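Novice: Have a look at this one.
The values are calculated or read from the model by the stated rules, or taken from the named source; none is laboratory data. Because the structure is predicted, anything quoted here is derived from the model rather than measured. Using ideal geometry, Cβ is built from the backbone for each residue, glycine included, and neighbour counts are taken over all protein chains shown.
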Amino acid sequence: MSLRDLYAVPDIDPCWTVPQNFDTTFNWEYDDGRKPMMHLYQKGKDMQWNALSRVNWDEELDPENPMELPDEMGALYYTPIWAKMNDKEKINARRHLQAWNISQFLQGEQAALICASKTVQQVPYLDAKFYAATQVMDEARHIEAYQKLLNKFGVAYPMTPPLQTLVDQALRDSRWDMTYLAMQVVIEGLALAAFANIRDTAKNSLAQQVNAFVMEDESRHVAFGRITLKDYYPHLTQAERDEREDFLIEACYHMRDRFDAREAYQALGLPVEECAAAAQECGYMKMYRTALFQRIVPIVRDIGLWSEKVQNAYADMGVLDFAKMDYRTLMAGDQKRAEELDEINRRKRQEYVEGVAALGASGVSEAQ
């Protein structure tokens with residue numbers, strides 16, 4: 001079944017075409033590459049996984065609260081709108097709002113797939129082409145996993161306009177580093193924090209697994225952007241640096257202030273503007289929008305786009321202190337959590353095998 005058949009928004013075009021105008025660069029040096037980049041490339045190869053077998057798809061979503069998230073995390077929980085809902089309406093709202101969230105993850109993964117393939121063509125460094133090629137495979141796997149998860153919701157949403165605007169800018173710009181900045185730093189940096197929010201707060205095992213396993217890859221992708229841009233940005237002119245900092249600031253404000261679930265509110269028959277305003281004022285959502293930048297700010301600092309203008313913008317957003325975070329520690333934590341879930345799945349499979357073996361030894365069929 002096509003996921004498009006599950007869209008709660010009518011008349012969605014089957015595809016989106018973004019005109020491109022950039023040079024494809026061949027590299028004839030074939031050198032050994034930068035050690036940090038080649039190490040990341042080797043890690044990218046070693047850590048490929050199969051979305052069908054690594055995730056335990058026998059797990060189901062809760063019909064009343066799919067990912068088993070606390071209602072307090074919802075933008076509408078403290079509003080009269082939520083208070084007026086009956087139990088059936090709340091169940092439906094949870095399903096739609098959670099599906100909207102996962103849908104944006106899915107749509108963002110396809111955007112990352114396209115951007116990574118563009119990077120393979122554009123970036124002048126062969127080692128970066130190598131790693132970007134592993135990212136293309138990663139993103140295809142992420143699309144597969146999120147699509148399979150969304151099918152269990154029974155409802156899905158297209159890419160929301162604020163995300164589409166930023167993706168459009170990333171793809172249309174002919175300069176390879178601007179695609180990196182938009183995708184590897186801003187979009188994937190925000191996505192990592194959003195994935196972590198579900199991984200660490202959802203009680204549903206399937207939701208935990210998909211987000212944790214995707215995060216393990218995405219941490220490397222953001223590190224990829226960090227390595228490449230950190231080497232490239234010292235060579236920019238001041239005018240070129242100013243342009244990138246202006247774009248970065250605008251993109252961060254754009255995603256913080258405009259990324260809301262308007263399509264879901266409309267599909268649910270709720271007052272869209274009232275819901276959007278409530279989401280902006282909700283205490284939890286304010287903390288959430290702040291936390292989204294914990295992966296972005298230390299990377300921006302490391303790649304050198306750290307002028308007073310950028311720092312002032314992050315201070316205004318209340319996220320400047322994230323600059324003190326060690327991205328490598330966060331990355332190690334992402335890998336550790338994924339390994340813990342792998343171990344849980346391994347034990348479940350072992351217990352199942354041992355249970356079947358015990359039934360066989362006792363002469364009792366599993367059907368009995």
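Novice: Taking the condition loosely packed, with under 15 Cβ neighbours inside 10 Å and either over 23 Å from PRO158 (Cβ atoms) or touching a residue at least 12 places away in the same chain (Cβ under 8 Å) (or both), does MET255 pass?
Specialist: The answer is no for MET255.
Novice: Taking THR25 and the conditions (1) under 26 Å from GLY269 (Cα atoms); (2) polar (S, T, N, Q); (3) surrounded by 10 or more Cβ atoms within 10 Å (Cβ to Cβ), which numbered condition does it fall short on, given that it satisfies the others?
Specialist: (1)
Novice: When you check LEU192 against the structure, is it within 16 Å of GLU109 (Cα to Cα) and either of a type in the set (S, T, N, Q) or assigned to a helix (DSSP H, G or I) (or both), yes or no?
Specialist: Yes.
Novice: If you don't mind, there's one more thing I want to ask. Can you tell me which residue among GLY355, GLY283, GLY318 is without any contact (Cβ under 8 Å) to a residue 40 or more places away in the chain and more than 24 Å from ASP242 (Cα to Cα)?
Specialist: It is GLY355.
Novice: If you don't mind, there's one more thing I want to ask. Given the residues ALA140, ALA111, ALA132, which is the only one that is among the aliphatic types (A, V, I, L, M), more than 14 Å from MET183 (Cα to Cα) and part of a helix (DSSP H, G or I)?
Specialist: ALA140
Novice: Spot the failing condition for LYS230; the list is (1) farther than 30 Å from PRO124 by Cβ; (2) surrounded by fewer than 22 Cβ atoms within 10 Å (Cβ to Cβ), and only one is missed.
Specialist: (1)
Novice: Using the structure shown, decide if ALA75 is touching a helix residue (DSSP H, G or I) at 6+ places or on another chain (Cβ under 9 Å) and of a type in the set (A, V, I, L, M).
Specialist: Spelling it out, ALA75 is indeed touching a helix residue (DSSP H, G or I) at 6+ places or on another chain (Cβ under 9 Å) and of a type in the set (A, V, I, L, M).
Novice: Would you tally the residues in the stretch 4-54 being farther than 13 Å from MET159 by Cα and touching a strand residue (DSSP E or B) at 6+ places or on another chain (Cβ under 8 Å)?
Specialist: Residues that pass the stated criteria total 1.
Novice: Then there is this: Of the conditions (1) under 26 Å from LEU97 (Cβ atoms); (2) crowded, with 19+ Cβ neighbours inside 10 Å; (3) of a type in the set (Gly, Ala, Ser), ALA132 satisfies every one except a single condition; which number is it?
Specialist: Result: ALA132 passes all but (1).
Novice: Here is a check on your reading of the model: is THR119 closer than 26 Å to PHE22 by Cα, crowded, with 21+ Cβ neighbours inside 10 Å, in contact with a Gly (Cβ under 7 Å, 6 or more places away or on another chain) and of a type in the set (Ser, Thr, Tyr)?
Specialist: Criteria not met by THR119.
Novice: Confirm whether GLN335 is polar (S, T, N, Q), in a helix (DSSP H, G or I), modelled with pLDDT of 90 or more and surrounded by 14 or more Cβ atoms within 10 Å (Cβ to Cβ).
Specialist: yes
Novice: Helices (runs of 4 or more DSSP H) wholly in the stretch 1-89 with at least 1 residues that are closer than 27 Å to ARG262 by Cα - which ones?
Specialist: By residue number, 80-84.
Matching residues to (1) part of a helix (DSSP H, G or I); (2) of a type in the set (A, V, I, L, M):
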{"position": "ARG256", "(1), (2)": "yes, no"}
{"position": "GLN266", "(1), (2)": "yes, no"}
{"position": "LEU270", "(1), (2)": "no, yes"}
{"position": "GLU273", "(1), (2)": "yes, no"}
{"position": "ALA277", "(1), (2)": "yes, yes"}
{"position": "TYR288", "(1), (2)": "yes, no"}
{"position": "VAL297", "(1), (2)": "yes, yes"}
{"position": "ASP302", "(1), (2)": "yes, no"}
{"position": "ASN312", "(1), (2)": "yes, no"}
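Novice: To continue, here is another question. Hey, among the residues in the stretch 258-307 that are within 16 Å of THR79 (Cβ to Cβ) and acidic (Asp, Glu), which one's surrounded by the fewest Cβ atoms within 10 Å (Cβ to Cβ)?
Specialist: GLU273
Novice: Pairs under 7 Å by beta carbon, first residue over 16 Å from ALA133 (Cβ atoms) in the stretch 41-52, partner not charged (D, E, K, R), six or more apart or different chains?
Specialist: TRP49/PHE213; ALA51/ALA145
Novice: Looking at (1) surrounded by fewer than 19 Cβ atoms within 10 Å (Cβ to Cβ); (2) in contact with a Cys (Cβ under 8 Å, 6 or more places away or on another chain); (3) of a type outside the set (Asp, Glu), find the lone condition where ALA170 falls short.
Specialist: In the conditions (1) surrounded by fewer than 19 Cβ atoms within 10 Å (Cβ to Cβ); (2) in contact with a Cys (Cβ under 8 Å, 6 or more places away or on another chain); (3) of a type outside the set (Asp, Glu), ALA170 misses (1) alone.
Novice: Sticking with this one: Being modelled with pLDDT of 95 or more, more than 21 Å from the chain's Cα centre (by Cα), surrounded by fewer than 17 Cβ atoms within 10 Å (Cβ to Cβ) and more than 28 Å from ASP173 (Cα to Cα): is that true of ASP46 here?
Specialist: Spelling it out, ASP46 is indeed modelled with pLDDT of 95 or more, more than 21 Å from the chain's Cα centre (by Cα), surrounded by fewer than 17 Cβ atoms within 10 Å (Cβ to Cβ) and more than 28 Å from ASP173 (Cα to Cα).
Novice: Next question. Of (1) of a type in the set (A, V, I, L, M); (2) modelled with pLDDT under 95; (3) in contact with an Asp or Glu (Cβ under 6 Å, 6 or more places away or on another chain), VAL310 satisfies all except one. Which?
Specialist: The failed condition is (2).
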